[in-house]
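Participant: Can you read through this structure? Questions will come right after.
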Amino acid sequence: MKKHIKFLAAITAVFLLVMPLFCAPITASADYYTEYPNSDLLTALPASATPTNTADLKIKAKAAVLMEPHTGQVLYAQNPDEKLAPASITKVMSLLLIMEAIEQGKLTLKTKVSCSEHAASMGGSQIWLEVNEEMTVDELLRASVIASANDATVALAEAVAGSEDAFVRLMNEKAAALGMKNTTFVNACGLDADGHLTTARDVAIMSSALIKHSLIKKYSTVWMDALRDGKSELVNTNKLVRYYSGATGLKTGTTSKAGCCVSATAERDGMELVAVIMGGENSNERFSGAKKLLDYGFANWSFLKISPKLENLTQIPIKGGMEDTVTADCGGAFLNILTAKGAQDKITQSITVKDGLTAPILAGDVIGSVTFTLEGKQVGELPLRSTQTVDAVNFINSFITLLTATVMP
């Protein structure tokens, strides 16, 4: 009995030590925070039946979206375009720009970043960076992704763009480029601010873009970590990382205005999914809602990369050329197709070649197509391209051909 009491006391002590690393002290006058450790982070997701249709989902949130990121197909939507405060899900866009900056060579993981007075003043969830304290990009990413640290995110934003304001302009430009039609960012970390709004659909779009950068998963899949030689503990604010099979991230968010939010990503059997919950009733509901969406997606859908079968494609006749035929293929291209579970074996292909092909034809010219059909409905098409150049017949070409034939033994 004494051992049991000591164990519970030790767990409580650890939790109390970890808590200050995630959030600023909340006073009676404070009305903001972005993330905080909940007791629910330490408990497994409740078991539940796998939803077989959208009517079984019953998501308790203001908005929700389930998206397949490579096709952009929405598999479930609940108020997908309602503008809502996003809290720390904002960091998905910030992290996307940081990933791009790293890939472009503007930063490396070893680059040292000095914390500005502005970054240190963020409040909310943070790692308590001091003014002029230096950390590497790698360390700041760990703080931003795992612990949702506002100070770390703003420090990285300043390293990319020079100031948070300049970085926010980049965020809005990127949102427009991605087709996020209902999003306006005001800051880089997600603290509540007038006009700082997005939608569940737009969050799914930017989350889909972020997970295509494999580096992000080095951070978003980590459950626990530490900084400052182990003195600063980090615990992932996304319990799905620990308790959901195949989870790859991505970002949680909580403020008094936004409620409880999560953009959850997972991968199974070669299929990735993005589940977005905004305005969840409580922390448990956002995670259980995301789990329902992911379970539904994996149970009912399959993702395929389909390559054309051209083994039986014969040489294609052409008119008026120095050659009578031309060869063709799809240049290694393939299609991303999302289908209902079990339907993948019903996909058929047909090859169509343009009528009356006439020289000249250049290598790479489209001379036909390969069409893929599922139960009478077209699900994709790839261009069929010439693999060689065939010149048109003319006097000079004919003369050279005749001369060559005459001279050659």
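The values are calculated or read from the model by the stated rules, or taken from the named source; none is laboratory data. Nothing here was measured: the structure is a model prediction, and the numbers come from that model. All Cβ positions, even for glycine, are placed from backbone atoms using ideal geometry, and neighbour counts span all protein chains on display.
Participant: Restricting to the stretch 111-137, and then to whatever is more than 25 Å from Thr252 (Cβ to Cβ) and in contact with an Asp or Glu (Cβ under 7 Å, 6 or more places away or on another chain), can you tell me which residue is surrounded by the most Cβ atoms within 10 Å (Cβ to Cβ)?
Facilitator: Of everything passing the filter in the stretch 111-137, Ser116 is surrounded by the most Cβ atoms within 10 Å (Cβ to Cβ).
Participant: Ok, one more. Can we say Ala166 is of a type in the set (A, V, I, L, M), surrounded by fewer than 21 Cβ atoms within 10 Å (Cβ to Cβ) and over 23 Å from Ile211 (Cα atoms)? If you could, list the steps in order and put the result at the bottom.
Facilitator: Values: of a type in the set (A, V, I, L, M): yes; surrounded by fewer than 21 Cβ atoms within 10 Å (Cβ to Cβ): yes; over 23 Å from Ile211 (Cα atoms): yes.
Criteria met by Ala166.
Participant: Contact list please: Cβ distance under 9 Å, first residue in the stretch 218-245 and outside the structural domain of Glu285 (by TED's automatic domain parsing), second residue modelled with pLDDT of 95 or more and part of a loop (DSSP other than H, G, I, E, B), pairs at least six apart or on different chains.
Facilitator: none
Participant: Provide a single number: the residues in the stretch 98-131 that are more than 28 Å from Asp192 (Cα to Cα), in a strand (DSSP E or B) and touching a residue at least 40 places away in the same chain (Cβ under 8 Å).
Facilitator: Selection size over the stretch 98-131: 0.
Participant: I want to confirm something. Restricting to the stretch 66-87 and keeping residues that are buried (at least 22 other Cβ atoms within 10 Å of the Cβ) and more than 21 Å from Leu294 (Cα to Cα), which single residue is nearest to the chain's Cα centre (by Cα)?
Facilitator: That would be Ala87.
Participant: Next up: Give the residue that is modelled with the lowest pLDDT, with candidates limited to residues of the stretch 42-80 that are assigned to a loop (DSSP other than H, G, I, E, B), closer than 25 Å to Ala340 by Cβ and among the charged types (D, E, K, R).
Facilitator: Here the answer is Lys58.
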